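A short write-up of the structure that comes next.
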Amino acid sequence: MYLTECGSLSDAAELVLGHAGVFNVFTDLELVFDHFRLRPYRVSYRGETGARVIFAKDQMANERVFADRQIEWLGTMA
């Protein structure tokens, strides 16, 4: 487990979407805490057809390129 402190949610997004983030086959789980609360998110990318696809770890075997990666921050967990 690695703990990394980020200065903002945009810095955290770079880590989540980056080379060692959720798209990496060796990364099982990535949690983001915002003001000591778990901050859920949803990640998407453009699939081969050009449509936006919600990322799910079990899809990694089917896709090779995850173009136009985006993160959507959802409400904080109570």
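Cβ-Cβ below 7 Å, separation at least six or inter-chain, first residue in segment 42-59 and in contact (Cβ under 8 Å) with a residue 24 or more places away in the chain, second in a strand (DSSP E or B) and among the aliphatic types (A, V, I, L, M): which pairs?
Pairs that qualify, where the first residue is in contact (Cβ under 8 Å) with a residue 24 or more places away in the chain and the partner is in a strand (DSSP E or B) and among the aliphatic types (A, V, I, L, M), are R42/I54; V43/I71; S44/V53; S44/I54; Y45/V53; Y45/A67; F55/V43.
Might you let me know whether segment 44-51 holds any residue that is part of a strand (DSSP E or B), among the aromatic types (F, W, Y) and touching a helix residue (DSSP H, G or I) at 6+ places or on another chain (Cβ under 7 Å)? Spell out how you get there, then give the answer.
To start, the set of residues in segment 44-51 that are part of a strand (DSSP E or B) comprises 44-46.
Subset that is among the aromatic types (F, W, Y): 45.
If we keep only those that are touching a helix residue (DSSP H, G or I) at 6+ places or on another chain (Cβ under 7 Å) as well, we get none.
The answer is no, given that none of the residues of segment 44-51 is part of a strand (DSSP E or B), among the aromatic types (F, W, Y) and touching a helix residue (DSSP H, G or I) at 6+ places or on another chain (Cβ under 7 Å).
Give the residues of segment 7-22 that are part of a loop (DSSP other than H, G, I, E, B) and either over 15 Å from the mean Cα position of the chain (by Cα) or surrounded by fewer than 15 Cβ atoms within 10 Å (Cβ to Cβ) (or both), sorted by residue number. Working first, answer last.
At the first step, the residues of segment 7-22 found to be part of a loop (DSSP other than H, G, I, E, B) are 7-8, 18-22.
Across segment 7-22, the qualifying residues are G7, S8, G18, H19, A20.
Can you tell me which residue within segment 46-59, out of those that are open to solvent by less than 50 Å² (accessible area, probe 1.4 Å) and closer than 19 Å to L31 by Cα, is modelled with the highest pLDDT?
Step by step, filter segment 46-59, then rank; the result is F55.
The values are calculated or read from the model by the stated rules, or taken from the named source; none is laboratory data. Everything numeric here is computed off the predicted structure, so don't read it as measured data. Ideal geometry is used to build each Cβ from the backbone, glycine not excepted, and the neighbour counts take in all protein chains shown. SASA here: full protein model, heavy atoms, side chains in, ligands and nucleic acids out. Shrake-Rupley method; radii C 1.70, N 1.55, O 1.52, S 1.80 Å.
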